[in-house]
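Q: Questions regarding the structure given below will be posed in turn.
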Amino acid sequence: MGPITNVQFEDYLERFNSDLIESLQLVQTSTQPWSEFRILSNYTKTLPRKYFLCSLKLIGDVDLSITFTVSYDEFYQVPVCNFRVNKYQGEQEQALTNLCEIDCNGHLVKLDSHPIFDTPWFSIHPCETLQVVDEFMGPETGVLEYLKCWFGLYGLPSVFPMLQTRYI
Amino acid sequence: MATNLETAKPQKFTPLSSFVESSFFTKLSQLKLDEFKLDASKRTLNGFTIHPTKLNKFNDVPLINLDHESFSGTSQDNANVVLEGLIYNVNTIEEFKLIDKQALLREWGEATHASMFENTSLDYRKFNQFYVLSFSDLKKYKFYYWVAYPTFSSKWTATRQNTAKEEYIRLVESHIASEPYTQMLQLIEGELVSNISKKSSHFVFIDTCLSKDKIPGIQLKNYLFFLGHHGFQEVDVLVYRNDGSSFEVHLQVGEPITNNYKVTGWERTGQGKLGPKLADLGLLIDPTQLAEQAVELNLKLMKWRIAPELDLEIIKNQKVLLLGAGTLGSYVARALMGWGVRQITFVDNGRISYSNPVRQPLFSFNDCFSDNGQGQYKAIRAAEALKEIFPGVKARGVNLEVPMIGHSVTDETKDKSNFDTLSSLFDEHDAVFLLMDSRESRWLPTVLGNAKDKIVLNAALGFDSYLVMRHGNQTQKLGCYYCNDVVAPNDSLSDRTLDQMCTVTRPGGALIASSLAVELFVSILQHEDKQNAEHLSKSKFGEVPHQIRGFLNNFQQHKLFAPSYKYCSACSSQVTQKYQEDGWDFVKKCLNDTSYLEEICGLTKVQEEADLASEDLLKDLEIDDEDEEWLS
């Protein structure tokens, strides 16, 4: 179906966000230490570029929060996912920059300037996204399906496999 | 359908939570440093909450969001509702701890109270004010904060709960869709209004959360207090929710509301306790820590696909000694830093001159005349400059004259001390780069490098040519800088014109040679045999050639190999052995008299044998009488 435009991205962002958080699930495995997750905040903003931010808290042996944003990269013409991870110690939240201590695919990301906030966030780099997502697209695929497919491949689950989407 | 509550219950409310996105703290730290400084006066702040039409099942508590826009005026859009607040950022942690929280909340509550009672309007901005008490530790980038949302108690009890009527729901939805955001409205004769009057006791609260047990958001508490104060004894409140769970509750006030009100509102922690929160963002804001991580991460990207077996740790842990802090030294240091080398020591005895900065990237114009007009010492300034570029580097400058062969010892105390310092520096480092501007200054480091089995890299420049090589050792017999010489190095600086003494080279040659020297160094480190690697062998990272010679006149480059020379004046086993036996005494004799060195290494004998061979050859070529006749 080729790339989606920033207008299409913005038109579908809220719908995508609401479908996404409704379908987000924590996969229970014997190795991962979290038993449940809670959404701390979730909102869409336009500054003037539109993005959504979602923060979720993983509750278990060690509580973590993962805050991620989804925005549109005009150069690569694809959505991008950036995130930060905090570790809780009581009421103290400590930002992590080394993901080795979490069981995740931390090697896939690097700290980079956030496209909207201009501060260091982990970034799942958008190179090759366009081609890879396109492999899964048919001529009639809609924007919403495109965004859902993209998220599975280049969104949070690519780094945190314990978080998966189960769309209904 | 009405549900008569068995017993009248005090109305409960879902308390509010704050969500402070980390860019809020980044902005706060910038403002504190650049604008607020020591001014701890209270400042206006904007928060936002999600628009009631956008609430979903996860919005089980009312939320105030703060982000980087909160200081500059959050933009209102159809997804969010802006709330007004104040931040009180105190200057010390002691102040944060000791401040009377109850009195502060009372003060803030009075402000909200005054705002609420300005008139009879149900304007949500006046009922929703929030406050933040904070302390920003800008050394460690730790942020202590506590959010308060002042509320006023009035004893309302719920006696009845009904499902909301469809016609009212449609009315509310129509109002939400067409009118600016409101939170509380009065329903008078089928119309929704935001100025209260006694014409009706029917109200609509557009809920701020979708709590599962139908407990409305805390904001309703302030509206009820307001209504009670205005004489309402009984009200019906339709609590509107976008998920179809709207309900209507009949409330009665228990006791008259007076001006002697109680203020509550400090946010409780996740464990339900009263206390502040702490966000530690050191790793994400501290520029030094960010640089450390960024440098490492950038290198680690090589391991993703291109060179997965690249050993970055061995590079990072190398202690590298750079002899010479000039053009070559500057570029070598930068390339080493690019590779993540963290421990770099410069040795040089020169000061920065006006010709240096354009070719030597660690120096600038001011360095040429600072230090009382003399120019800074090169080694010292180069180390400082490295730290300015990347604070994570452990750079050190040693102002030291390397004893040079052919330059006699005139002040033994000084020369011996220089020798001892240099020798100790070799012991402290893993690798040494020879980057000086004269041939004879490389002799002693070559001897030391061989004797102490260090990785020795050598870069030298001609006018339009360059040489980069690694020295061998007693195991891997690769030639050193002096292995092709048939005489010991001597004083090349005396009786020379300026163009002969200075490094008159094509400027780009130094960059190329420096980069090649560092890349060769990295390749050696990646080889399992390190400096003992055979010159034709390979590691997964590639080749480890002995010498690279390049020519800029025709832009050619060659890899060469020359075995070590058994009579070499610097790396032959006789020299190494003599140095190990006599140390400084041997060095001193060599400095004073190069013929002594030639004697030790065997070059004298070679010269004698060459002379004899030459004589023999001439004898063989002598013309006898017979030949003379023939020739004539």
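Q: I'd like the Karplus ³J(HN,Hα) series for region A:118-134: coefficients 6.51, -1.76, 1.60, θ = phi - 60°, whole numbers in Hz, and an x wherever there's a Gly or Pro.
A: With the stated coefficients, region A:118-134 comes to 6, 10, x, 10, 5, 10, 9, 5, x, 5, 6, 4, 4, 5, 5, 5, 4 Hz.
Q: Oh, and also: In whole Hz and in residue order, list the ³J(HN,Hα) couplings for region B:407-424 that follow from phi through the Karplus curve 6.51 cos²θ - 1.76 cosθ + 1.60, θ = phi - 60°; x for Gly and Pro.
A: 10, 4, 6, 10, 10, 5, 4, 5, 5, 5, 5, 4, 4, 4, 4, 4, 4, 5
Q: Whose amide H sits under 5 Å from the amide H of B:Arg160, counting only residues 5 or more places off or on another chain, with H placed in the peptide plane?
A: B:Leu5, B:His250
Q: With r defined as the distance between the Cβ atoms of A:Leu153 and B:Leu138 and R0 fixed at 45 Å, what FRET efficiency is calculated, to the nearest 0.05?
A: E(calc), rounded to 0.05, equals 0.70.
Q: Turning to a different aspect of this structure: Could you compute how fast region B:505-619 diffuses translationally, taking Rh as the Kirkwood radius over C-alpha pairs and applying Stokes-Einstein at 25 °C with viscosity 0.890 mPa s? Give it in µm² per second.
A: Taking Rh from Cα pairs, D becomes 140 µm²/s.
Q: In whole Å, what are the Cα extents of region B:252-408 along the three principal axes, biggest one first?
A: Cα spread of region B:252-408 along its principal axes, largest to smallest: 105, 49, 26 Å.
Q: Given a Förster radius of 60 Å and the C-beta distance between B:Asp286 and B:Val606 as r, what FRET efficiency does 1/(1 + (r/R0)^6) yield to the nearest 0.05?
A: Result of the calculation: an efficiency of 0.45.
Q: Compute the accessible area of each residue in region A:50-98 twice, once for its chain alone and once with every protein chain present, using a 1.4 Å probe on heavy atoms, and list those whose area falls by at least 30 Å².
A: When all protein chains are present, A:Arg84, A:Glu91, A:Gln92, A:Glu93, A:Gln94, A:Ala95, A:Thr97 each give up 30 Å² or more of accessible surface.
Q: How far is it, in nm, from the label point at B:Asn366 to the one at A:Gln77 when both lie 7 Å from their Cα along the line to the Cβ?
A: Using points 7 Å along Cα→Cβ, the separation is 4.8 nm.
Q: Could you state the number of Å between the C-alpha centres of region B:380-437 and region B:20-74?
A: Using only Cα atoms to place each centre, the spacing works out to 53 Å.
Q: Using alpha carbon centroids, what distance separates region A:113-168 and region B:247-282, in Å?
A: So the two Cα centres are separated by 40 Å.
Q: In the calculated pair distance distribution of region B:306-609, what percentage of Cα-Cα distances lie above 24 Å?
A: Summing the P(r) tail past 24 Å for region B:306-609 gives 51 percent.
Q: What does DSSP give for chain B in terms of the percent of beta bridges that are antiparallel, rounded to the nearest 5?
A: Here the antiparallel bridges make up roughly 65 percent for chain B.
Q: Let me ask something additional. Kirkwood hydrodynamic radius, computed over distinct alpha-carbon pairs, for region B:49-111: how many Å, to one decimal?
A: By the Kirkwood definition, the hydrodynamic radius is 14.5 Å.
Q: Given a 1.4 Å probe and every protein chain left where it sits, what share in percent of the accessible area of the protein assembly as shown is carbon and sulfur?
A: With neighbouring chains kept in place, the figure for the protein assembly as shown is 49 percent.
Q: Evaluate the relative contact order of region B:306-609 (contact order divided by residue number), counting alpha-carbon pairs under 8 angstrom at least 6 apart; express in whole percent.
A: 18 percent
Q: Scan around B:Thr14 for amide H atoms under 5 Å from its own, H built in the peptide plane at 1.01 Å from N, and keep only partners 5 or more places away or cross-chain.
A: The answer is B:Gly217, B:Ile218.
Q: Hey, what's chain B come to in accessible area per residue, 1.4 Å probe, Å²?
A: 47 Å²
Q: Further question: Multiplying the sequence separation of B:Lys416 and B:Lys198 by 0.36 nm and subtracting their Cα-Cα distance, what value in nm do you get?
A: Residue separation times 0.36 nm, minus the Cα-Cα distance, leaves 68.3 nm.
Q: Let me ask something additional. Length gain on complete extension for the stretch B:Phe463 to B:Asp593, per 0.36 nm per residue less the alpha carbon to alpha carbon distance?
A: Full-extension gain reported as 43.8 nm.
Q: Another question about this same structure. Please list, in order, the residues from region B:232-258 whose amide nitrogen is less than 18 Å from a point placed 7 Å along the Cα→Cβ vector of B:Lys155.
A: Residues B:232-235, B:251-258 fall inside that zone.
Q: Once the cut-off is 20 Å, how many percent of the Cα-Cα pairs in region B:184-269 end up in the long-distance tail?
A: More than 20 Å apart: 38 percent of the Cα pairs in region B:184-269.
Q: Using a 10 Å cut-off around each Cβ of peptide B:162-171, what is the average number of partner chain Cβ atoms that fall inside?
A: If you average over the peptide's residues, the count of other-chain Cβ atoms is 0.
Q: Now for a different question. Tally the DSSP beta bridges in the protein assembly as shown and give the antiparallel ones as a percent, rounded to 5.
A: Roughly 75 percent of the beta bridges in the protein assembly as shown run antiparallel, per DSSP.
Q: Please sort by residue number the trypsin sites (Lys or Arg not before Pro) in region B:279-318 whose DSSP state is loop and whose Cβ has at most 11 other Cβ atoms within 10 Å.
A: Listed in order of number, the matching sites are B:Arg305.
Q: B:Ile455's amide H: which non-local residues (gap 5+, or another chain) put their own amide H closer than 5 Å, with H modeled 1.01 Å from N in plane and none for Pro or chain starts?
A: Residues meeting the criterion, in which the H sits 1.01 Å from N, are B:Val432.
Q: Let me ask another. I'd like the projected area of the protein assembly as shown, averaged over all directions, using the convex hull of its alpha carbons. Report it in nm² with one decimal.
A: 51.3 nm²
Q: Still on this structure: For a protection proxy built on the mean count of beta-carbon atoms within 10 angstrom, sort B:273-285, B:439-451, B:408-420, B:589-601 highest first, please.
A: Descending packing order for the listed peptides: B:439-451, B:589-601, B:273-285, B:408-420.
Q: Now for a different question. Aspartates and glutamates within cross-link reach of B:Lys262: Cα-Cα under 20 Å, excluding same-chain residues under 8 positions apart?
A: B:Asp100, B:Glu107, B:Glu110, B:Glu118
Q: Step by step: find N for region B:266-350, compute 2.2 N^0.38 Å, then divide the Cα radius of gyration by it. What's the final number?
A: Taking the Cα Rg and dividing by 2.2 N^0.38 Å, one obtains 1.74.
Q: Run the simple label-point estimate for B:Asp77 and B:Glu581 please: 7 Å along Cα→C-beta, distance reported in nm.
A: 8.4 nm
Q: If you stretched the chain out fully between B:Leu38 and B:Glu167, how much longer would it get, using 0.36 nm times the residue separation minus the C-alpha to C-alpha distance?
A: My answer for the length gained is 40.8 nm.
Q: I'd like the Karplus ³J(HN,Hα) series for region B:591-608: coefficients 6.51, -1.76, 1.60, θ = phi - 60°, whole numbers in Hz, and an x wherever there's a Gly or Pro.
A: 4, 6, 8, 6, 5, 4, 5, 4, 5, 5, 7, x, 5, 4, 5, 4, 5, 4
Q: Rounded to the nearest 100 Å², what's the accessible area chains A and B bury against each other, both chains counted, probe 1.4 Å?
A: Interface between A and B: roughly 3300 Å².
Q: Counting pairs of Cα atoms in chain B, how many percent are more than 37 Å apart?
A: The share of Cα pairs beyond 37 Å in chain B comes to 58 percent.
Q: In Å, what Rg and Dmax follow from the Cα atoms of region A:1-66?
A: 15.2, 44
Q: Still on this structure, I have one more. Separation between the B:Thr53 and B:Glu84 pseudo-spin-labels, each 7 Å from Cα along Cα→Cβ, expressed in nm?
A: It works out to 2.5 nm between the two label points.
Q: If you bin the C-alpha pair distances of region A:10-168 every 10 Å from 0, what whole percents do you get?
A: Binned Cα distances yield the sequence 10, 41, 37, 11, 1, 0.
The values are calculated or read from the model by the stated rules, or taken from the named source; none is laboratory data. Computed from a predicted model, the values in this text were never measured in an experiment. Cβ: placed from backbone, ideal geometry, glycine included. Neighbour counts: every protein chain shown. For the accessible areas, the whole protein counts, side chains as well, though only heavy atoms, and no ligand, DNA or RNA atoms are used. Shrake-Rupley method; radii C 1.70, N 1.55, O 1.52, S 1.80 Å.
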